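Quick note: the coordinates plus some simple rules give every number you see, no bench work behind them. Because the structure is predicted, anything quoted here is derived from the model rather than measured. Here the Cβ positions follow ideal geometry from the backbone for every residue, glycine too, while neighbour counts run over all protein chains shown.
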Amino acid sequence: ADVAYLRSVLPSTTEDAFFDYLATLDASEVTVSAVPEGSIVFARVPFLQVKGPLLVVQLLETSLLCLVSYASLVATNAARFRLLASPDVKLIEMGLRRAQGPDGALSASKYSYIGGFDYTSNVLAGKLYGVPVRGTIAHSFIMSFTSLEEVQPRELPPLAGGEPADLPALAESWLGRDFQGLLDTYCVKRSGLPNFCAVALALHQLGYRAIGLRLDSGDLAQQSKEIRQVLRACAAHFQVPWFETIPIAVSNDISEQSLEEFRREGSEINMIGVGMNLVTCPLQPSLGCVYKLVEVNGSPCFKLTEDEQKMTIPGTKTIYRLYDAAGHPFMDLMALEEEPSPSAGQEVVVRVLGRLGEANKVVPTTVEPLHRTYFRDGQVCEPLPSLPEVRSHAQASLSLLRPVHRQLREPQPYPVRPPHATHCQYTPRNPARR
């Protein structure tokens, strides 16, 4: 069917032999090596290496870039939010309504989890990928009620057993008790917070615990502090110790700047829901991954262009990550496949890309080859990790980076170097003839 379709759109003069050839293409001749999913990859480090017949690997270009670019972009964006949030703050991905279609939303939920988010509000992502799901009541649900008479059923049996109680009436009775409420469908301080406290105390009376509250407008940091004061007052006044630890969740166009403000001002926020600024990646809407030919039939090749950033580094390469004595990665070494691998404790002479005369010496404590072969002879040949395992690997990789590389404002560039002996930087004397 695919060949028939191509016949219908290609010129009628296309030779039959071409279509016969297309029918013989076999992806089992392709070998794919990659940096394990969830690993930190830096600029100019190839994280996928594809070997096989030229036409087959050319056909894979668009699909592979589509699969890895958005996923890497969202995981990176999620990791930035994770680094900005306090370690004890939970992050919820809430971007389904703003994502680029349902497929983009599912990818965003999955890769936000890898990047460090704890939950998703996308229930389908929970079903398909096992991402933990969390959500809150919608404004429209609260607004759909005009009186307590519409609440049905009204009765809730105590958790320990016994006669059911009229929960709305019980909550109303708590509103008349001696406490002052300083959540936002109508007004946080005048209706939302007092009503929440009343319902939570009524639930406590029956043996249940309220699981949290959400703020979705206004000065979230300041409101969280005021709400925490009220919860603590209730806990002390009514002898309900757990009340002061009720989680406070916030949403409302949360950005990196929002998280910075929360930390700077000090807040009582326990959970943060991020939507549009996570899944659409407004700070960098696309990731410029590229897929370049570096060797044909054993001969290295490279792209020579007026734009230095588009120049490729020729030859099939192996990547090694070098670690110092403290266990931090300090350099990625990019060597040709046929070159001997560096060894722990052995001096390595490296040079700066584009500066052939500059070289320095490093002595790694640990050397880690980054690439593993995942696909060969038509079969997956390396066990694929589960999503939680990928997430754990990503978080561990981030934690190993030195703070100067991990900081979001003006980070120190992480060095990627070739060995001094590597002939993968060419300076052609006559560029027009190459």
inquiry  = Going by average Cβ density within 10 Å per residue, which order do the peptides 149-156, 369-376, 267-274 take, highest to lowest?
reply    = 267-274, 369-376, 149-156
task = Tell me the chymotrypsin sites (Phe, Trp or Tyr not before Pro) within region 114-173 that lie in a loop according to DSSP and have at most 10 other beta-carbon atoms within 10 Å.
result = 145
Net charge dipole size for the chain [Lys, Arg +1 and Asp, Glu -1 on Cβ; Debye, nearest 20] = 1020
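Based on the Cα atoms of region 23-123, what semi-axes does the equivalent ellipsoid have, where each is the square root of 5 times one gyration tensor eigenvalue, given in whole Å with the largest first? Please report the intermediate quantities before stating the final value.
Numbers: eigenvalues 203, 56, 18 Å².
Each semi-axis is the square root of five times an eigenvalue, giving 32, 17, 10 Å.
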task = Quickly rank 80-93, 59-72 as a protection proxy: mean count of other C-beta atoms within 10 Å, highest first.
result = 80-93, 59-72
ask   = Can you pull the semi-axes for region 223-263, root of five times each eigenvalue of the Cα gyration tensor, sorted largest first, whole Å?
value = 27, 9, 7
request  = Please compute the net charge surrounding residue 258, taking Lys and Arg as +1 and Asp and Glu as -1 over other residues with Cβ under 12 Å from its Cβ.
outcome  = -4
key: Hits among aspartates and glutamates - C-alpha to C-alpha of residue 189 under 14 Å, sequence gap 8 or more where chains match   = 216, 219, 226
task = Among 96, 13, 278, pick out the residue whose Cα is farthest towards the positive end of the charge dipole of the chain, where Lys and Arg carry +1 and Asp and Glu carry -1 on C-beta, about the Cα centre.
result = 278
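Please state, rounded to one decimal and in Å, the Kirkwood hydrodynamic radius that region 197-282 gives when every pair of distinct Cα atoms enters the mean of 1/r.
On the way: mean 1/r = 0.0718 Å⁻¹.
With all distinct Cα pairs of region 197-282 included, I get 13.9 Å.
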inquiry  = Once you place label points 7 Å from the Cα toward the Cβ at residue 410 and residue 22, how far apart are they in nm?
reply    = 5.5
task = Mind checking the full-extension length gain between residue 152 and residue 98? Use 0.36 nm per residue of separation minus the Cα-Cα distance, one decimal, nm.
result = 16.1 nm
ask   = residue 303: which aspartates and glutamates have alpha carbons under 19 Å from its alpha carbon, excluding same-chain residues fewer than 8 sequence positions away?
value = 61, 295
note = From the Cα centre of region 197-250 to that of region 261-299, the distance in Å is 34
ask   = What's the local net charge at residue 149, with K and R +1, D and E -1, over the other residues with C-beta under 15 Å away?
value = -3
inquiry  = Longer than 28 Å from Cα to Cα, which of 317/361; 110/317; 90/317 are they? Say none if no pair is.
reply    = 110/317; 90/317
inquiry  = So if I take the alpha carbon set of the chain, get Rg, then get Rh from the Kirkwood formula, what is the Rg over Rh ratio?
reply    = 1.10
request  = Using only C-alpha positions, report the orientation-averaged shadow area of the convex hull of region 241-383, nm², one decimal.
outcome  = 16.6
query = Among 121, 366, 54, which residue has its Cα positioned farthest towards the positive end of the charge dipole of the chain, with +1 placed on the Cβ of Lys and Arg, -1 on the Cβ of Asp and Glu, and the dipole taken about the Cα centre?
reply = 366
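Work out how much length residue 226 to residue 305 would gain on full extension: take 0.36 nm times their residue separation and subtract the Cα-Cα distance, in nm to one decimal.
On the way: separation 79, 0.36 × 79 = 28.44 nm, distance 5.96 nm.
Taking residue 226 through residue 305 to full extension adds about 22.5 nm, to one decimal.
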query = Binning every alpha carbon pair distance of region 246-316 at 10 Å from zero, what are the percents per bin?
reply = 16, 27, 15, 15, 17, 9, 1
message = So if I take the alpha carbon set of region 166-246, get Rg, then get Rh from the Kirkwood formula, what is the Rg over Rh ratio?
response = 0.94
